[in-house]
Amino acid sequence: MDHTNLNIPHSAQPRIVILGAGFAGLNLARNLSGSHFQVVLIDRNNFSQFQPLFYQVAMAGLEPSAIAFPIRKVFHSSQNVYVRQAEILRVEPDQKTVITDYGNIQFDILAVCLGAETNFYGNANIEKFSFSLKSLGQALGIRNQIFVDFEKSMYIKDFKDRQGYIDFVIVGGGPTGVEMAGALAEMKQYVLPKDYPELEKDEIDIYLVQSGNRLLPGMSEKSGRNAEKFLRRMGVTVILNDRVNDYDGNQAILKSGRKIPTNKLIWAAGIKCPVIPGLEPYYDEKSRRLLVDEHCKVMSCSDIYALGDIAGMKSDSYPRGHPQVAQVGLQMGDYLSRMLSRQQNGDAIRPFKYKDKGVMATIGRNKAVADFPRFSTAGFFTWVIWLWVHLFSLIGIRNKLLVVFNWMWNYLRFDSSLRLIIEQKNHRADQNQPPINDYVSENVERS
Ligand SMILES: Cc1cc2nc3c(=O)[nH]c(=O)nc-3n(C[C@H](O)[C@H](O)[C@H](O)COP(=O)(O)OP(=O)(O)OC[C@H]3O[C@@H](n4cnc5c(N)ncnc54)[C@H](O)[C@@H]3O)c2cc1C
């Protein structure tokens, strides 16, 4: 196996290496397909995932394959884009080299689009015992745990003992927490009573804990209050001005002293950007994002750009950087591809300007809230807009059709049929073959 430059052929074209095939990286690579660059796109997964609908996978509303798209498929007809599945380990800016678990690669230009990860704020217990929602694997993990626990609850006679298995605590009243709470409330209403008729529906409690005095702090006051009203009506216990301080896998302990038994604590209380070894000096101390100038170029670094969640671009309109949402990543991907071709042609380049298209969150069937640049809205029509926007943001006709089919089925039948408990046992037909990552690291070490 050739680990030199990840076995990418030599080319006279300048090489742009893109780290991460999420909203920003994939969009950049798509825009540069057919350009005068040699493009190398690296991600730890061989698929790109649509994070806004993770919660629907976790809540058994969608199959994972409906919201993930194989990266290679996007570039079937592309001559200049090379895809590699690898874990980014380090960047050496002076050597213009990226080090991955498959080997090294040299770049002329580097675009860092590695997104963000869950922030547990240093709480080791919460990190160890809670569930988070930052990957498809984690979404499936939540789905499995819900149904494993409900199956177990069938054997537990004592009401008190049963609570830990059937109650949920969601931490964080941002869009992810709100959407998750809404979806769980619908599952409690429409799905679980049919599957588990022996349980009293009212036994199942869903708590949403938010440290501030309202939900959706990144949205307008009106949207936050509407979301709270919808959730309370759906039976969610919204706890404001309190926070989960500790969790041992069985019981959440709140700052107020309140204790809630649950073995499903879903942590949706914050994100932070990964700190890439070798790039540490270029992070903003406060936001822990890579500090970039108005052209998305990492400050004090030549030929290294950062896009999407990880890019900390401060401006008069966004003194703390842009919101960490998909549109920023997509627009930065568009911007950098245009800027690089203008630079190549010797044309003047303009600074990046974010076009705010609005923020939305759905709270369940027929209910959503949205803030557009000039107004806020809530209710059925907002929900229809939410469906439309998310559907058309998905890549691939197959995925769109799958999602539409599932949504229609769930909507009309008040049910979905995706409640399989899939065990994560790793039975391999060929036991002598090591898992891919062992194989790779062994071979990298030897080469
Ligand atoms: C549950 C959830 C719901 C959300 N809902 C919304 C929403 O409704 N609307 C909205 O606008 N935004 C939403 N967001 C935010 C949105 O998904 C992000 O802003 C967006 O994905 C950022 O794009 P990105 O390209 O910067 O990073 P990402 O899309 O996260 O892509 C990063 C890529 O880098 C790869 N990667 C990371 N580290 C490594 C490594 N070390 N080695 C190799 N590959 C690596 C990852 O596999 C991933 O493919 C949501 C996020 C979450 C988690």
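The values are calculated or read from the model by the stated rules, or taken from the named source; none is laboratory data. If you're wondering where the values come from, they're calculated on a predicted model, not measured in any experiment. When we count neighbours, we look across all protein chains shown, and the Cβ atoms used for this are built from the backbone with ideal geometry, even at glycine. Each accessible area value is taken on the protein alone, full model and side chains, heavy atoms only, with ligands, DNA and RNA left out. Shrake-Rupley method; radii C 1.70, N 1.55, O 1.52, S 1.80 Å.
Could you check region 262-283 and list, in sequence order, the residues that are within 22 Å of the chain's Cα centre (by Cα) and either within 15 Å of HIS322 (Cβ to Cβ) or among the polar types (S, T, N, Q) (or both)?
Scanning region 262-283 gives ILE271, CYS273.
Hey, among the residues in region 72-89 that are under 22 Å from PRO274 (Cα atoms) and buried (at least 17 other Cβ atoms within 10 Å of the Cβ), which one's nearest to the ligand (Cβ to nearest atom)?
Among those that are under 22 Å from PRO274 (Cα atoms) and buried (at least 17 other Cβ atoms within 10 Å of the Cβ), it is ILE88.
Taking the residues in region 20-47 that are surrounded by fewer than 24 Cβ atoms within 10 Å (Cβ to Cβ) and closer than 16 Å to SER135 by Cβ as candidates, determine which candidate is farthest from the ligand (Cβ to nearest atom).
Only one residue tops the list, namely ASN46.
Which ranges mark the strands (runs of 3 or more DSSP E) fully within region 257-302 that have 2 or more residues being open to solvent by less than 30 Å² (accessible area, probe 1.4 Å), within 12 Å of the ligand (Cβ to nearest atom) and in the same structural domain as VAL171 (by TED's automatic domain parsing)?
Values: elements: 259-261, 265-267, 290-292.
Answer list for region 257-302: 265-267.
Within region 362-375, restricting attention to residues that are under 10 Å from PHE230 (Cβ atoms) and either among the acidic types (Asp, Glu) or outside any loop (DSSP other than H, G, I, E, B) (or both), which residue is nearest to the chain's Cα centre (by Cα)?
Residue satisfying both the conditions and the ranking: THR362.
Determine, yes or no, whether GLN51 is under 30 Å from GLY364 (Cβ atoms) and open to solvent by 10 Å² or more (accessible area, probe 1.4 Å). Talk me through it step by step, then tell me what you get.
On the way: under 30 Å from GLY364 (Cβ atoms): yes; open to solvent by 10 Å² or more (accessible area, probe 1.4 Å): yes.
Yes.
Here's the yes/no breakdown for (1) among the acidic types (Asp, Glu); (2) surrounded by fewer than 20 Cβ atoms within 10 Å (Cβ to Cβ); (3) within 16 Å of the ligand (Cβ to nearest atom); (4) in a loop (DSSP other than H, G, I, E, B):
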site: LYS128; (1), (2), (3), (4): no, yes, no, no
site: GLY141; (1), (2), (3), (4): no, yes, yes, no
site: GLN145; (1), (2), (3), (4): no, yes, no, no
site: ILE156; (1), (2), (3), (4): no, yes, no, yes
site: LYS160; (1), (2), (3), (4): no, yes, no, no
site: GLY164; (1), (2), (3), (4): no, yes, no, no
site: VAL178; (1), (2), (3), (4): no, no, yes, no
site: ALA181; (1), (2), (3), (4): no, no, yes, no
site: PRO193; (1), (2), (3), (4): no, yes, no, no
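Here is a list: THR118, THR97. Which entry is touching a strand residue (DSSP E or B) at 6+ places or on another chain (Cβ under 7 Å) and free of Cβ contacts under 8 Å to residues at least 40 places away in the same chain?
Result: THR97 is the single residue among THR118, THR97 that is touching a strand residue (DSSP E or B) at 6+ places or on another chain (Cβ under 7 Å) and free of Cβ contacts under 8 Å to residues at least 40 places away in the same chain.
Show the residue pairs meeting these rules: Cβ distance below 6 Å; 6+ apart or different chains; first residue within region 323-336 and within 19 Å of GLY270 (Cα to Cα) and open to solvent by less than 20 Å² (accessible area, probe 1.4 Å); second residue within 8 Å of the ligand (Cβ to nearest atom) and in a helix (DSSP H, G or I).
GLY329/PHE23; GLY329/ALA24; GLY329/GLY308
Do any residues in region 50-62 that are over 19 Å from VAL148 (Cβ atoms) have Cβ atoms under 7 Å from those of residues that are more than 12 Å from the ligand (Cβ to nearest atom), where the two are at least six apart or on different chains, and which pairs are they?
Sorted first by the residue in region 50-62, then by its partner, the pairs are PHE50/LEU394; LEU53/LEU62; GLN56/LEU62; LEU62/VAL403; LEU62/ASN406.
Can you tell me which condition PRO64 does not meet? The list is (1) touching a helix residue (DSSP H, G or I) at 6+ places or on another chain (Cβ under 7 Å); (2) in the same structural domain as CYS301 (by TED's automatic domain parsing), and all the others hold.
The one condition PRO64 does not meet is (2).
Among the residues in region 218-225, are any open to solvent by 20 Å² or more (accessible area, probe 1.4 Å), under 26 Å from GLY358 (Cβ atoms) and at pLDDT below 95? Steps first, please.
Just the residues of region 218-225 that are open to solvent by 20 Å² or more (accessible area, probe 1.4 Å), to begin with: 218, 220-222, 225.
Subset that is under 26 Å from GLY358 (Cβ atoms): 218, 220-222, 225.
Filter once more, keeping what is at pLDDT below 95: 218.
Within region 218-225, one or more residues are open to solvent by 20 Å² or more (accessible area, probe 1.4 Å), under 26 Å from GLY358 (Cβ atoms) and at pLDDT below 95.
Can you say whether ASP246 is closer than 24 Å to LEU89 by Cα, open to solvent by less than 70 Å² (accessible area, probe 1.4 Å) and charged (D, E, K, R), as far as the supplied structure shows? Talk me through it step by step, then tell me what you get.
Numbers: closer than 24 Å to LEU89 by Cα: no; open to solvent by less than 70 Å² (accessible area, probe 1.4 Å): yes; charged (D, E, K, R): yes.
The answer is no for ASP246.
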